[in-house]
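Please read the structure below before turning to the comments.
Each value in this text was obtained by applying a stated rule to the coordinates, not by laboratory testing. The shown structure was predicted, so the numbers you read here are calculated from the model rather than taken from an experiment. Positions of Cβ are generated from backbone atoms using ideal geometry, with glycine treated the same way; all protein chains shown enter the neighbour counts.
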Amino acid sequence: MGGIFLSTGRGFIMASLKKLQVTSKLGPKFTIESRIRDHVVYVDQPTPGGADKGPTPLEYLFVALAGCIGSIGRIVATQRKLNVRGMEITVEGELDGEVLMGKSTANRTGFQGLTLTVDIDADMTREEKEEFLHEVDRRCPVSENLLNATPITLHVR
């Protein structure tokens, strides 16, 4: 049984870990093929540099965040027996393309910030929707990984 020990101040509890893995291969130009379970997805860059076979890595980051907010939203709604008919989630952010291309070091490489705009289709007050969304965000692993520094270990084979 895999797991980690978490200190609660009153002893330790065992938390199970779930391992996720994606294998990706860079092909011609910028096309990257990723295999996820029985699925194949492509990452690419727009033309003329890429073949535009799929979203860019940054667009996938936004898809991952919106997808996580939506998925956790459905889980929270089900657990709380809320009739959430749907959610429309828009993710926006700006970054300095000059830094990304190695032409500048004036700003950070990543986004200056991300903005999520969520339209929740449910019979709830604005305050109830805000409380619901805060709980969803708190439980979303993608959002948590973006908010907090997650160590990345690089290995070369």
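Side notes on the structure shown:
- Whole-Hz couplings from phi, Karplus 6.51/-1.76/1.60, listed for region 97-111; x for Gly and Pro: x, 5, 5, 4, 8, x, 8, 8, 10, 5, 10, 6, 6, x, 5
- Among 87, 124, 101, sorting on how many other beta-carbon atoms sit within 10 Å of each Cβ, with the fewest leading, yields 101, 124, 87.
- Listed candidates (1) 17.6; (2) 15.5; (3) 18.8 - label of the one calculated as Kirkwood radius over Cα pairs in Å: (3)
- Cβ-placed point charges (K, R +1; D, E -1), dipole of region 30-157 about Cα centre in debye, nearest 20: 560
- Under 29 Å from the Cα of residue 53 - lysines, other chains or at least 8 residues apart: 19, 25, 29, 103
- Packing around the peptides 19-32, 43-56, taken as the average count of other Cβ atoms within 10 Å per residue, puts them in this order, highest first: 43-56, 19-32.
- In straight-distance terms, cross-link reach from residue 18 covers every one of the lysines whose alpha-carbon lies under 29 Å from its own, apart from those fewer than eight places away in the same chain; here that gives 81.
- For residue 31, the residues 5 or more places off, or on other chains, whose built amide H falls under 5 Å of its own are 51.
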